[in-house]
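Coordinate-derived values only; no laboratory data. As the structure is a prediction and not an experimental result, all values here were calculated from the model. Positions of Cβ are backbone-derived with ideal geometry, glycine not excepted, and every protein chain shown enters the neighbour counts.
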Amino acid sequence: MKRNAVFTLLALAVLVLSIVPVGTAVFLLGFVYGDSPCVMCWEQRTGMVLVALTGLFILRYGPKPKYIGLSVLLGAWGLFMGLRHTGMHAARDVGQGFSLEILGAHTYTWALFIYWVCVATMGLLLMMVTHEDVPAEPRRLGLVDRLAFGVFLLVAAGNMVQAFASTGPPPYMGQSDPVRFSFLPKNWVWSLEEWTPSAISLRGRWAIEKPRVTGLPADPAAGPLANLTALPVRDQRPLGLELRGTVTDLAYEAATNRFLVTTQSGVYITDGSLGRIVRSTVVDPGYSIDLGPFAGAAFLERKYVMAVGENKSFVILHENDKANADKNYRFFLDSYDKFDELTRSRLGTVRARMMYTMSAAFDPASNSIVTVTVPNAKVKRLVISRFDRRDLTLSEEFMPSIAPESGLKLAGDKRSLDEYYVTGAAIVDGRLYALSAAYSTVLVIDLATHRVVSAWAIAGLDRPVGLAVKGGDFYIAGESGTLSVAARPDAASEAAGSAGSDAVTKPAAGKPAAAKNPVRTGARTSPGGRR
Amino acid sequence: MEFLNFVLIFTTAWLVFRKPEKERLAFRLLLVSAVLMVALFTMATRTGILPGVNY
């Protein structure tokens, strides 16, 4: 009696699986409401039917190892299919999904749950099975067993009908965006779209290469902007600091006359000449949010510094001479008593989501942190993201265009600002200075108008990774540990502009000649522009 | 192809139900159907085989 109960339970499980998800999907959702599965839904449904079919094998031939093994494999594959399908939509905004929603969850999500129930049920039934349950001959089927077979055949037949109408005979197969189900042949759409050759990839669009400055074209003359004025490097020398790792970014704080230097995990505050480290630590990047190698550095409000990883994760540190070294063991790998870790989290983006960053800057005027993307093989966009300092949440994103009055021109119809590879950023008076390692160019972007108002070429840089503005100079750190200094042409116009003048930028005495694309004050609201 | 797979599934279930002595044939059809299902899903997702989420 007890042994028969095991098979009865299995028959009931087959009935439930056949009727609830699969039978409902074909007869109610399909034939009544016109729902039509996409190609992935079809295979998820087929997998459920195969799990039920394996149950019928066990009802007839007993729990032989090959049937049990196949049912577990099918359950595991079904879980994978459910995860693969759900993953396409799981990160969207609330309520957004694909096709039908049942009890607040879209159908593919239910598939994931159903396969989980299948695997759990298999485990429970297996615990009840003994070797006595494997008969020498096929079992005689009882009433519940026959009912399970009958219902299964009915559901399979229904799916044959729907599959023929929706997907067609071989070689036609399911579609990624199926057409509403209809019994009328004139409404049937059969497709071969899935047979179209396409690249095979494991991670698909998420396979984005890590950013790097080596191998980028350095010649400004080959860049997307034509005829840029060159800024001569006034001084170039090794950055004589003892750092753990290579330099990844540079920032400057005028109020305290200090520089901030980052390495892969290191944070170093130096004096105003970049000659002496006055405070440093090495952040432990593990065992919590993956910070990635630091790529951006910024002074925030007084005594707070921020290091942004290339993956836009970040850490904010507070300078503290009385930091508790024992308490900070978990946060740092070195110098436990110089900083406290305030927060470690992630900057979330929309347009910039599929791109890494190699720069960060703080804008005190808007109390915002700004990052700039670097292009990759799949996504080539120059996106500037601004985050509110108060909640570290995205405030705006834009793709800058060229200000018409700037005089800047693209070198050809197919050239674009998206070709620039910004590895250093600094903000002064509402202007973002973005240094591109590709084509060794500094773009000046007005944060109010979202326009590139000027640009200069700086030849002779060695893999630049960091940019700081100190007074009238650009300080540029190279990956190899070099420091280059060049005069900032618009520094003089700032003084003129602050005096109410809209005169064209003029070179200061002893400074390089004015740019061919001078900045005019009051140009922020001009229309037009072209990417 | 989904239509073909459900024809195979229906045939397999029919064999197990009405011709239980054809166990080996039925199981082979079941395996073919499972492989076809895996192949069709993989075809549909070949541009991103793993779940499309952040890694």
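List of remarks:
- This ranking places A:45, A:389, A:431 by how few other beta-carbon atoms lie within 10 Å of each, fewest first, which gives A:389, A:431, A:45.
- Note that the stretch A:433-444 has calculated 3J(HN,Hα) couplings of 9, 10, 8, 9, 5, 6, 6, 6, 10, 9, 9, 10 Hz, one per residue in order, obtained from phi through the Karplus relation 6.51 cos²θ - 1.76 cosθ + 1.60 (θ = phi - 60°); glycine and proline are x.
- The C-alpha atoms of chain A define a longest principal axis, and helix A:2-17 lies at about 50 degrees to it.
- Legend: ranking of residues B:3, A:98 from fewest to most surrounding C-beta atoms inside 10 Å; resulting order A:98, B:3.
- Taking the longest Cα principal axis of chain A as reference, the axis of helix A:39-61 is set at about 40 degrees.
- Charge dipole (Cα centre; +1 on Lys/Arg Cβ, -1 on Asp/Glu Cβ; no other charges) of chain A amounts to roughly 680 debye.
- Normalised by the number of residues in the stretch B:2-44, the average gap of Cα pairs under 8 Å and 6 or more apart makes the relative contact order 41 percent.
- Zone of residue A:219's modelled label, taken as backbone nitrogen in the stretch A:457-478 under 19 Å from a point 7 Å along Cα→Cβ: A:457-464
- Chain A: relative contact order as a whole-number percent, Cα under 8 Å and 6+ apart: 12 percent
- A Förster radius of 41 Å, combined with the Cβ-Cβ distance separating residue B:39 from residue A:399, puts the computed FRET efficiency at roughly 0.50.
- Less than 5 angstrom separates the built amide H of residue A:247 from those of A:481, all sequence-distant by 5 or more or on a different chain.
- Proximity of backbone amide H atoms, modeled 1.01 Å from N, is registered between residue A:258 and A:253 at under 5 Å, excluding neighbours fewer than 5 places apart on the same chain.
- From phi via Karplus (6.51, -1.76, 1.60), per-residue ³J(HN,Hα) for the stretch A:83-96 in Hz, x at Gly/Pro: 5, 4, 6, 5, x, 5, 10, 5, 9, 7, 5, 4, x, 7
- Each residue of the stretch A:341-354 was assigned a 3J(HN,Hα) from its phi angle through the Karplus curve 6.51 cos²θ - 1.76 cosθ + 1.60 (θ = phi - 60°); the sequence is 8, 7, 7, 9, 7, 10, 8, x, 10, 10, 5, 8, 4, 9 Hz, with glycine and proline shown as x.
- Counting only residues at least eight positions apart within a chain, or on another chain, the aspartates and glutamates with an alpha carbon under 19 Å from that of residue A:66 are A:132, A:133, A:137, B:21, B:23.
- Ranking of A:485, A:22 by neighbouring Cβ atoms within 10 Å, starting from the fewest: A:485, A:22.
- The angle separating the long axis of helix A:107-128 from the principal Cα axis of greatest extent in chain A is about 50 degrees.
- Unit charges at the beta carbon, dipole of the protein assembly as shown: most positive-side option, A:158, A:343, A:50: A:158
- Mean-position separation - Cα centroids, the stretch A:415-482 and the stretch A:230-267, in angstrom: 14 Å
- Cβ-Cβ FRET estimate between residue A:136 and residue A:210, R0 fixed at 45 Å, reported to 0.05: 0.15
- Filter on A:303/A:380; A:210/A:303; A:312/A:380 - keep pairs with C-alpha separation over 29 Å: A:303/A:380; A:210/A:303
- Helix-only CD estimate at 222 nm, as mean residue ellipticity for chain A, using -39500 (n - 2.57) per DSSP H run (n ≥ 4): -7500 deg cm²/dmol
- Top positive-direction residue, dipole computed over chain A with Cβ charges, set A:11, A:122, A:441: A:11
- Extension gain, residue A:127 to residue A:480, is 120.8 nm, computed as 0.36 nm per intervening residue step minus the present C-alpha separation.
- Student exercise, the stretch B:2-44 dipole from Lys, Arg, Asp, Glu Cβ charges, in Debye to nearest 20: 180 debye
- Residues whose amide H comes within less than 5 Å of that of residue A:474, counting only those at least five positions distant or on another chain, are A:486, A:487, A:488 (H built at 1.01 Å from N in the peptide plane).
- Separation of alpha-carbon centers, the stretch A:329-359 and the stretch B:1-45, rounded to whole Å: 52 Å
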